[in-house]
Amino acid sequence: MPAAANFAFTVVLTFVALGSLFPMPVNAGQVDDLYRGGVAARFDQRYDAAVDLLARAAQLQPENADIWVQLGFARSAAGQLDEARAAFEQAVLLAPGYVDAHLGLARLAFWRGDLDEAGQMLATVRGLDPGNEEAALVAQQVADARAVSDRAWRLEMGASASDLSDALPGWREGTIGLSRRVNTEMTIAAAVRSAERFGAADSYFEGRIDYRFDQKVRAWLFAGATPSADFLAQNALGIGASAKIGEDGERFGPAVLSGEIAYFRYADDDVTRINPAVQIYLFKGRTWVSLQGIATFSAKAGWSGGYVARGDIKLDDRLRIFAGYGDAPDLSNGETIASRSMFGGIAIALSDRVSAVLSLTRTELDGAYSRNEAGLAIGVAF
């Protein structure tokens with residue numbers, strides 16, 4: 001190697017070695033900007049941006065436990081639960097007494113359904129900060145989940161009676177359903193619905209599977225049939241999914257976006273129904289409003305659509321009232337008829353295991369009759 005080239009090569013190696021021994025100082029202002037920007041993005045519910053900014057800050061200043069905790073919160077909100085756990089664990093390694101890091105791990109354990117680990121993490125938090133209000137809230141959620149986990153079965157029973165205008169005979173209907181929570185992700189259910197319409201009687205049988213992918217995303221599938229059907233669907237098949245976005249706030253909480261598509265085969269018609277919906281929680285979950293779109297395609301009547309709007313208010317932990325209005329196609333008698341309806345009711349938790357819902361509905365069908373319906377539903381967990 002020529003002498004000049006050899007000298008240049010030696011200089012480069014020297015600078016590389018010195019750089020490894022004496023790394024360039026981190027720009028504290030840059031780290032602070034990334035940190036503040038990431039926290040602000042998290043509070044604005046821009047979770048992907050928050051994760052990006054805080055991950056860059058952690059890369060520049062990996063010894064900062066505050067950054068790792070905020071990164072854990074951002075990854076939790078973004079649904080990156082494994083990565084969030086790693087961030088909180090890194091914060092605990094750097095600062096073993098960091099309460100928020102332990103609390104973040106407790107929440108993650110609770111969301112995974114690991115109630116034992118959640119309890120252990122909360123015990124650590126109580127040891128560090130006995131009066132922590134967030135820890136008390138999570139502890140109550142864990143206690144409630146333990147109580148529910150002891151009641152994997154649920155029985156649903158309902159009955160309704162309708163009076164029709166124009167001196168038409170009234171309708172009667174009853175339902176009974178049984179569901180079983182197989183694990184923290186899956187629930188299976190079966191139900192029977194018996195109805196009387198204008199002197200005819202049908203019984204519809206349905207099976208359903210619900211699957212929860214995580215705390216925010218779930219999906220479901222159902223199939224049903226009515227033997228020797230007169231007016232209920234001979235066959236039915238549907239699939240749907242929902243996703244929760246956002247977090248609880250003082251006034252505005254998370255929203256749940258959902259959609260379902262279903263097919264119904266009647267004795268003299270085939271109907272496809274598409275239902276997009278949004279549910280928005282307010283005032284820390286004590287109030288919520290729902291809007292559901294309803295689009296149907298009938299082989300006989302073609303496309304038709306409408307909506308149902310509803311509001312719910314929790315008066316206390318055991319009492320809830322609701323009311324709504326709908327302008328949508330009605331399929332209750334096997335025909336697609338435009339209708340408008342008003343409804344309301346009250347839901348009561350009679351005990352930790354028993355609940356009841358009483359409802360009243362007024363429906364007016366275009367070119368046909370009007371219907372007043374009173375319904376009662378009872379749910380029992382065991």
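Read the figures in this text as sums done on the coordinates, not as results from a lab. Nothing here was measured: the structure is a model prediction, and the numbers come from that model. FYI the Cβ positions are ideal-geometry reconstructions off the backbone, even for glycines, and counts take in every protein chain you see.
Things to note:
- Mean separation of Cα pairs under 8 Å and 6 or more residues apart, divided by the residue count, gives the stretch 223-382 a relative contact order of 13 percent.
- Modelled FRET efficiency - R0 30 Å, Val217 with Arg353, Cβ distances, 0.05 increments: 0.60
- The stretch 308-382: proportion of alpha-carbon pairs further apart than 20 angstrom, %: 42 percent
- Interatomic Cα distance distribution for the stretch 185-309, bins of 5 angstrom, percent: 2, 10, 15, 16, 18, 16, 10, 7, 4, 2, 0
- Rh by Kirkwood over Cα pairs, then Stokes-Einstein D for the stretch 141-239 at 1.002 mPa s and 20 °C, µm²/s: 136 µm²/s
- Stokes-Einstein diffusion for the stretch 80-179, with the hydrodynamic radius set to the Kirkwood value over Cα pairs and evaluated at 25 °C in a medium of 0.890 mPa s, equals 147 µm²/s.
- All Cα pairs of the chain, percent lying beyond 31 Å: 51 percent
- Loop-exposed GluC sites (Glu not before Pro) per DSSP, neighbour cap 14 Cβ within 10 angstrom, longest uninterrupted part of the chain: 251-382
- Once you divide the Cα radius of gyration of the stretch 198-257 by 2.2 N^0.38 Å, the number left is 1.70.
- Here the relative contact order of the chain, from alpha carbon pairs under 8 Å that lie six or more residues apart, stands at 9 percent.
- Distance cut-off 15 Å, percentage of C-alpha pairs in the stretch 30-78 lying past it: 26 percent
- The stretch 265-314: trypsin sites (Lys or Arg not before Pro) falling in loop per DSSP and having at most 14 other Cβ within 10 Å: Lys284, Lys300
- Distance from the stretch 222-253 to the stretch 137-198 (C-alpha centre basis), Å: 13 Å
- The stretch between Ala243 and Phe43, if pulled fully straight at 0.36 nm per residue, gains 70.0 nm over its current Cα-Cα span.
- For the stretch 153-381, Kirkwood radius (reciprocal of mean inverse C-alpha pair distance, Å): 19.0 Å
- 222 nm mean residue ellipticity, helices alone, for the chain (DSSP H n ≥ 4; -39,500 (n - 2.57); rounded to 500): -10500 deg cm²/dmol
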